1. Using a Cα-Cα cut-off of under 18 Å, which lysines could be cross-linked to residue 8, ignoring same-chain neighbours fewer than 8 residues away?
2. Tell me the accessible surface of residue 8 in square angstrom (1.4 angstrom probe, heavy atoms of protein chains only), to the nearest ten.
3. If you roll a 1.4 Å probe over segment 69-179 with all protein chains in place, what percent of the accessible area is carbon or sulfur?
4. When all protein chains stay in place, what accessible area (Å², nearest 10, 1.4 Å probe) is found for residue 148?
5. Which whole-angstrom value gives the distance between the alpha carbon centres of segment 125-184 and segment 44-67?
6. Karplus couplings for segment 86-96 from phi (6.51 cos²θ - 1.76 cosθ + 1.60, θ = phi - 60°), rounded to Hz, Gly and Pro as x?
7. Per residue, how much accessible area does segment 144-222 show when a 1.4 Å probe rolls over the protein heavy atoms, in square angstrom?
8. Residue 23 versus residue 83, label points 7 Å from Cα toward the beta carbon: distance in nm?
Amino acid sequence: MAEMRVVKFEVLRFGPETDAEPHFDTYEVPCMEDWVVLDALNAIKDDIDPTLSHRWSCRMGVCGSCGMLVNGRPVLTCAAFVRNYSGTIRVEPLSNFPVVRDLVVDLGSFIDKIKSVKPWIIRKIEKDVGQGEYRQSPEQLAEFKQYSMCINCALCYAACPVLASEPEFLGPAAIALGHRYNMDSRDEGAAERNAIFRGEGTVFSCSYANECSQVCPKHVDP
Ligand code: FES
């Protein structure tokens with residue numbers, strides 16, 4: 001049988017029906033060498049404390065649902081290997097979002113901000129389907145491709161110092177997404193999006209701290 005190493009986890013717990021304040025619970029979890037933090041959370045839920053709530057789906061860095069703070073840094077827990085941490089590992093919900101329960105945050109404001117930048121191709125006049133596709137060269141694709149790699153994991157919102165003091169700030173992922181469509185050669189909606197970008201609490205509120213780009217698991221650079 002593969003060797004297991006016992007690792008101590010401090011996990012932030014909050015139940016809105018029972019807790020006035022969040023608190024940490026400590027768990028000692030036998031971990032295999034190749035486990036990620038998400039595996040340890042699943043082991044806690046399966047074998048130690050079934051009341052723990054956390055989100056995940058794909059386990060392969062694609063769905064963006066398993067983002068949490070691990071030792072204070074926003075990461076995808078399905079990509080954070082336990083062996084890369086020493087001592088007790090502290091797991092908390094993403095900062096800058098209201099906590100629903102334990103490690104689950106309310107992403108409603110994030111989704112609203114994403115929608116507000118009109119993240120779809122806008123055409124003044126749509127071609128009929130029979131007229132064929134809108135063609136694009138590799139160079140035109142390269143203009144926006146990095147911005148299209150975002151998986152909406154919201155790590156950048158947890159890392160953003162502006163959002164910590166201005167919750168209404170549009171934020172890095174929404175700005176990068178709007179820019180992605182503005183740079184798309186098939187799109188004609190830049191004037192509409194730029195009118196949004198010029199509003200209060202949008203691109204000009206960014207302090208260029210660059211934390212968003214540092215934590216992005218897909219190397220998007222808002
Ligand atoms: Fe999908 Fe981690 S579980 S990105």
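The values are calculated or read from the model by the stated rules, or taken from the named source; none is laboratory data. Bear in mind that the values here come from a model prediction, so they are computed numbers and not experimental data. Using ideal geometry, Cβ is built from the backbone for each residue, glycine included, and neighbour counts are taken over all protein chains shown. For accessibility, only protein heavy atoms count, side chains too; no ligands or nucleic acids. Shrake-Rupley method; radii C 1.70, N 1.55, O 1.52, S 1.80 Å.
1. Cα-Cα hits under 18 Å: 45.
2. 90
3. Reported share for carbon and sulfur atoms: 54 percent.
4. We get 50 Å² for residue 148.
5. Cα centroid of segment 125-184 versus Cα centroid of segment 44-67: 27 Å apart.
6. With coefficients 6.51, -1.76 and 1.60, one gets 10, x, 5, 9, 9, 10, 9, x, 4, 6, 6 Hz.
7. The answer is 49 Å² per residue.
8. About 3.6 nm, to one decimal.
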